[in-house]
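See structure below.
The values are calculated or read from the model by the stated rules, or taken from the named source; none is laboratory data. Quick caveat: nothing in here was measured; it's all calculated off a predicted structure. We place every Cβ from the backbone using ideal geometry, glycine too, and count neighbours over all the protein chains shown.
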Amino acid sequence: MMRPITRPVVDVYQAGQACAAWPACNHGRHLQLRDMSESLHIVCPHCHTTNRVRADQLGAAPDCGQCKKPLFDGHPVALGETAFERHLARTQIPLLVDFWAPWCGPCRMMAPAYEQAAAQLEPRVRVAKVNTEEAPALGARFNIRSIPTLALFSGGREVARQAGALGQADIVRWVRAHLG
Ligand SMILES: [Zn+2]
């Protein structure tokens, strides 16, 4: 079956590319790069320092300038309230968040699939998880009514949400469908 052709919904634009719907789109801030040698702000998943990484080096296993650990290690990063704010505000790649809780059976069932999806989605997307028991203010702020809920942020704004557990392939498909 052929996939339907959809309007490109990209998070990072190179010069000459544009989102047809801007500024009526819901993509948050658009980031215009003149070329792929420009830098993006990437927040370290370990020490939460903001790093500048050339766009064309994202896939080359960059390390954090502060703590020297990998900026992408293929695992979801667990974020509390403070770290979440930092990633949301500063990172210039899309942020995928799994809102979950330890007592939630479907959340625990989805965890291995989410791990595998993280390995596939990085470094284009920062993959994170928020324990709503440890960070109840985030669950309230984003009006999370059921868990697990996946939320995709781009440019500091939520662009898509999905309630209920998904398998690995469906997580990846869902994210890519919203990022073009
Ligand atoms: Zn670091």
- request: Could you please find all residues in region 48-60 being in contact with a Leu (Cβ under 8 Å, 6 or more places away or on another chain) and part of a loop (DSSP other than H, G, I, E, B)?
  value: L58
Conditions (1) assigned to a loop (DSSP other than H, G, I, E, B); (2) in contact with a Lys or Arg (Cβ under 7 Å, 6 or more places away or on another chain); (3) at pLDDT 90 or above: number failed by H41: (1)
- request: Within region 37-51, work out how many residues are in contact (Cβ under 8 Å) with a residue 40 or more places away in the chain and crowded, with 17+ Cβ neighbours inside 10 Å.
  value: 5
- request: Among the candidates E158, E85, E134, E122, single out the residue that is within 30 Å of E38 (Cα to Cα), touching a residue at least 40 places away in the same chain (Cβ under 8 Å) and charged (D, E, K, R).
  value: E122
field: When residues of region 153-169 are limited to those that are under 23 Å from D73 (Cα atoms) and at pLDDT below 95, the one surrounded by the fewest Cβ atoms within 10 Å (Cβ to Cβ)
entry: G156
query: Can we say P123 is farther than 19 Å from A135 by Cα and touching a Phe, Trp or Tyr at 6+ places or on another chain (Cβ under 7 Å)?
result: yes
query: Scanning region 127-156 for residues that are among the charged types (D, E, K, R) and out of contact with any Phe, Trp or Tyr (no Cβ under 8 Å at 6 or more places or on another chain), which turns out farthest from V175 (Cα to Cα)?
result: E134
Complete set of residues in region 52-76 that are crowded, with 19+ Cβ neighbours inside 10 Å and either within 11 Å of the ligand (Cβ to nearest atom) or polar (S, T, N, Q) (or both): C64, L71
